[in-house]
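Worksheet for the structure shown next.
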Amino acid sequence: MRVDCVGIIEAGYAAASTDEAWLAGVLAPFEPMARGLGVMAGIVDFDEEGPRVGNWVPRGSVPDGLPASWRTVYAYLGQYFPETLRAILSPNPSVLCWSSERARLLPEAARPAVSAMFGNRPFKDALGILSAEPSGPSVLAVVPYAEDMAIPPRTQRQLRRATAHLCSAIRLRRRSDGQAESGGLTPDVEAIMEPSGKVQHASGAADSRAARESLSGIVRRVERARGRLRHTDPEEALDIWLALFDGRWSVVERSESDGKRFLLARRNTLGECDPLALTQGERDVLACVVRGHSNKYTAYLLGVATSTAASRLESALRKLGLSSRREAIQVFAAAIPTA
């Protein structure tokens, strides 16, 4: 089973006028995973009233009515069992999960209604790929199967990396709504670069010699990941194209009407509020920990070394007077809203 995870990343950072169009593009690289039942995806927003799931977008041979049934189930759980829905949509312990496993989280009171909503479901199980934001929104892709399936470990590793980019991409989409300048750029663009790595324009944190040199190297790495390497060694391609660089920028492509390509460095930090006087890096790591992410995945998501993520978590624990990751999840979730 081969999935073009670099294609998932490219689709995630691609411009689209609506969320539905964006999801349709993101789903295209997932189609090789389908076995006759297609794939579908939705965006989940978390607010004070609980998780809300938007329209499901299908791609391929998704059975009639299945996306609507899935949306109805989540709407029902969001209204009557919001904490259960939060648990179902949490990436803990993994960003990959099976519907049969998550169904065990349903309270007994909810099981008859959920079963009736699915009716004679045309699938035996479904793989969920969660791209979960610490404060929402999140992206959920679902691949239903008519028989038992095993996802190779190599594919699992690659998909975990791709989900980090979808988290970054949906955050950019939400922050870009209504913010484009007259030239078509959003205010968060801090550098414009050619595919060769030459920096044409830089501002803010990108406007220093060190930052320009760093961004030039980043662009060359991204271009290498998008080239032949995506097919010859996809894991290396994913290793060198991080979800964030220096914990600050996402690198996305922009094509002009004359066919010229540029890459933009867009400011894209998690931006959590901080009532606990933690540093930005500590806040970001804790925000990921709340979602159940490991240090390794957190490091990839934030574009830092795994040792850096671990040390920031250790520092945050010390400041909070806590002794474990479990305690940090409890205290941080209570002290810093996840909506």
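The values are calculated or read from the model by the stated rules, or taken from the named source; none is laboratory data. These numbers come from a predicted model, not from an experiment. When we count neighbours, we look across all protein chains shown, and the Cβ atoms used for this are built from the backbone with ideal geometry, even at glycine.
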### Summary
When every residue in region 215-232 that is of a type in the set (Gly, Ala, Ser) and surrounded by fewer than 19 Cβ atoms within 10 Å (Cβ to Cβ) is compared, the one nearest to the chain's Cα centre (by Cα) is Gly227
### Message
Here is a check on your reading of the model: is Ser100 modelled with pLDDT of 85 or more, within 17 Å of the chain's Cα centre (by Cα) and not hydrophobic (A, V, I, L, M, F, W, C)?
### Response
no
### Query
Among all residue pairs at least 6 apart or on different chains, which show Cβ distances below 6 Å where the first residue, located in region 102-124, is more than 23 Å from Ser61 (Cα to Cα) and the second is surrounded by fewer than 16 Cβ atoms within 10 Å (Cβ to Cβ)?
Leu105/Ala87
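Conditions tested, residue by residue: (1) outside the structural domain of Ala34 (by TED's automatic domain parsing); (2) assigned to a helix (DSSP H, G or I); (3) modelled with pLDDT under 90.
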{"position": "Ala162", "(1), (2), (3)": "no, yes, no"}
{"position": "Leu166", "(1), (2), (3)": "no, yes, no"}
{"position": "Pro187", "(1), (2), (3)": "yes, no, yes"}
{"position": "Glu190", "(1), (2), (3)": "yes, no, no"}
{"position": "His201", "(1), (2), (3)": "yes, no, no"}
{"position": "Glu213", "(1), (2), (3)": "yes, yes, no"}
{"position": "Ala225", "(1), (2), (3)": "yes, yes, no"}
{"position": "Leu242", "(1), (2), (3)": "yes, no, no"}
{"position": "Asp258", "(1), (2), (3)": "yes, no, yes"}
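Is it the case that Arg230 is more than 17 Å from His165 (Cβ to Cβ), of a type in the set (D, E, K, R) and in a helix (DSSP H, G or I)? Give the derivation first.
Working: more than 17 Å from His165 (Cβ to Cβ): no; of a type in the set (D, E, K, R): yes; in a helix (DSSP H, G or I): yes.
It is false that Arg230 is more than 17 Å from His165 (Cβ to Cβ), of a type in the set (D, E, K, R) and in a helix (DSSP H, G or I).
Considering Thr298, Thr269, which residue is within 23 Å of Ala132 (Cβ to Cβ), assigned to a helix (DSSP H, G or I) and polar (S, T, N, Q)? Step through it out loud before you land on a result.
Numbers: Thr269 fails: assigned to a helix (DSSP H, G or I).
Sole residue among the options that is within 23 Å of Ala132 (Cβ to Cβ), assigned to a helix (DSSP H, G or I) and polar (S, T, N, Q): Thr298.
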### Query
Considering region 55-111 alone, what residues qualify as being in a helix (DSSP H, G or I), out of contact with any Pro (no Cβ under 8 Å at 6 or more places or on another chain) and among the charged types (D, E, K, R)?
Arg71, Glu83, Glu101, Arg102, Arg104, Arg111
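Before we move on, is Gly38 under 30 Å from Pro107 (Cα atoms) and in contact (Cβ under 8 Å) with a residue 12 or more places away in the chain? Step through it out loud before you land on a result.
Numbers: under 30 Å from Pro107 (Cα atoms): yes; in contact (Cβ under 8 Å) with a residue 12 or more places away in the chain: yes.
Against the criterion (under 30 Å from Pro107 (Cα atoms) and in contact (Cβ under 8 Å) with a residue 12 or more places away in the chain), Gly38 qualifies.
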### Task
For region 129-136, indicate whether the set of residues that are in contact with a Pro (Cβ under 7 Å, 6 or more places away or on another chain) and under 23 Å from Leu172 (Cα atoms) is non-empty.
yes
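Given the options Arg171, Arg154, name the one that is at pLDDT 90 or above, assigned to a helix (DSSP H, G or I) and not hydrophobic (A, V, I, L, M, F, W, C).
Working: Arg171 fails: at pLDDT 90 or above.
Step by step, each of Arg171, Arg154 is checked, and only Arg154 is at pLDDT 90 or above, assigned to a helix (DSSP H, G or I) and not hydrophobic (A, V, I, L, M, F, W, C).
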### Task
Please go through region 1-26 and pick out each residue that is surrounded by 19 or more Cβ atoms within 10 Å (Cβ to Cβ) and out of contact with any helix residue (DSSP H, G or I) (no Cβ under 8 Å at 6 or more places or on another chain).
Leu23
